[in-house]
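The values are calculated or read from the model by the stated rules, or taken from the named source; none is laboratory data. Predicted model, so just to flag it, every value in this text is computed and none were measured. So basically every Cβ, Gly included, is an ideal-geometry build from the backbone, and we count neighbours across all protein chains shown.
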Amino acid sequence: MKKALGLIILLAVIHTAQSQTAAEYCKNAAVKIEAKNYTGALSDYTSAIKIDASFTEAYTGRANTYYLMEKYTEALTDYTKAISLDPENGFLYYLRGYAYIMLDDRDKACADFNKSEELGDDYGYSAVITECN
């Protein structure tokens, strides 16, 4: 009986450890980014996406991590997914615009900066002035 109870407790602990929410994975990833543990952050953001494939914050965080790692094509893919989930978020267009800048595609970058500005994002307005004129 004692061994059975111990096994049940162990299984409960394992289940609790495995049942992190997508938001918790994103929070852990942010801590890892601060420590410059980008690989660990990518892993956590990917885990968050596996839990909730519609969690915009996870795609945005993973894109930002790729950007910090200078993996701009991967960042672009995740920014595009985040935009598909939240198309009225002007800041996402701003972020994707800078991924396009890093990939030397100023036309697409400026289109995103203009869209960002159109949606009321102040960063988009600034980017239009500095990058597109």
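Looking across the stretch 31-49, the residues that are of a type in the set (A, V, I, L, M, F, W, C) and within 20 Å of residue 77 (Cα to Cα) come down to 33, 41, 42, 48, 49. Take residue 37 and tell me if it is under 13 Å from the mean Cα position of the chain (by Cα), without any contact (Cβ under 8 Å) to a residue 24 or more places away in the chain and over 24 Å from residue 131 (Cβ atoms). Considered against the rule, which asks whether it is under 13 Å from the mean Cα position of the chain (by Cα), without any contact (Cβ under 8 Å) to a residue 24 or more places away in the chain and over 24 Å from residue 131 (Cβ atoms), residue 37 comes out as no. For the stretch 2-15, the criterion of being on the phi < 0 side of the Ramachandran plot and modelled with pLDDT of 95 or more is met by none of the residues.
Of all residues in the stretch 91-129, those satisfying the criterion of being touching a residue at least 24 places away in the same chain (Cβ under 8 Å), surrounded by 17 or more Cβ atoms within 10 Å (Cβ to Cβ) and acidic (Asp, Glu) are 117, 121.
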